[in-house]
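Notes for the one structure printed next.
None of the figures in this text is laboratory data; all of them are computed from the coordinates on show. Nothing here was measured: the structure is a model prediction, and the numbers come from that model. Cβ atoms come from the backbone with ideal geometry, glycine included; neighbour counts cover every protein chain shown.
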């Protein structure tokens, strides 16, 4: 049985950082690629992107910052390059604020996969997926602001089996974020800093390798 536990925490009074912390425990998750997940925080509006990776080159709204990213037969394969001395980064450059993004992923040796969102001045927050420990929703520290504080907005313990496809959906509305994985595991978080325009969606991975498929983005309905 999956037992939910929800609580609220304040990580730092000085930083005015308020997080909603949600934890669900689940030993192992299984789902199909491109699984349907119903939104729970917002309603889906206009579809902004439906990426099938059917071509052998990335489209103009994608860019590779670090690592090796190759689309092949409906899958984007990402791996870290040792010479980069940095995690592999591939960005879908769609400006957004309130939106839904859904994608499927499969670990093939990668240590982790993150969906990272930045604002105009730098890092903002990210979802991290780890095959051994599960999910974390993290607020990033703003390196340009000495008073900025990072921290955990939400987490859920789980195991993502190597070689098995999973589907994750992130919903963003003002200062709130909800993440659902395989339609079963959910985490929620909130912070005032999240209510801002984002520059795009960045996929970040460490090690070798991870596969991504069926990337879909919607704006939220009024």
Computed from every Cα-Cα pair in the chain, P(r) in 5 Å bins starting at 0 and rounded to whole percents is 1, 7, 15, 20, 21, 18, 12, 5, 1, 0
Rg from C-alpha atoms of segment 93-139, normalised by the globular rule of thumb 2.2 N^0.38 Å, equals 1.28
Along principal axes, largest first, the alpha-carbon spread of segment 128-222 in whole Å comes out as 41, 35, 22
Here, residue 64 and residue 32, labelled 7 Å along Cα→Cβ, have an inter-label distance in nm of 3.1
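If the chain between residue 73 and residue 161 were fully stretched, how many nm would it gain, using 0.36 nm times the residue separation less the Cα-Cα distance? Numbers along the way, then the final one.
Working: separation 88, 0.36 × 88 = 31.68 nm, distance 2.20 nm.
Extending this stretch completely gives an extra 29.5 nm.
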Rounded to two decimals, the Debye log10 I(q)/I(0) of segment 39-129 (Cα scatterers, no solvent) at q = 0.14, 0.18, 0.22, 0.24 Å⁻¹ is -0.60, -1.01, -1.46, -1.62
Segment 150-222 and segment 48-87 have their Cα centres apart by a whole-number Å value of 18
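Could you tell me whether segment 148-200 comes out rounded, prolate or oblate from its Cα gyration tensor? Rule is a ≥ b ≥ c as square roots of the eigenvalues, rounded for a/c under 1.5, then prolate if a/b exceeds b/c, otherwise oblate.
Details: a/c = 2.29, a/b = 1.88, b/c = 1.21.
Judged from the Cα gyration tensor, segment 148-200 comes out prolate (a/c at least 1.5, a/b above b/c).
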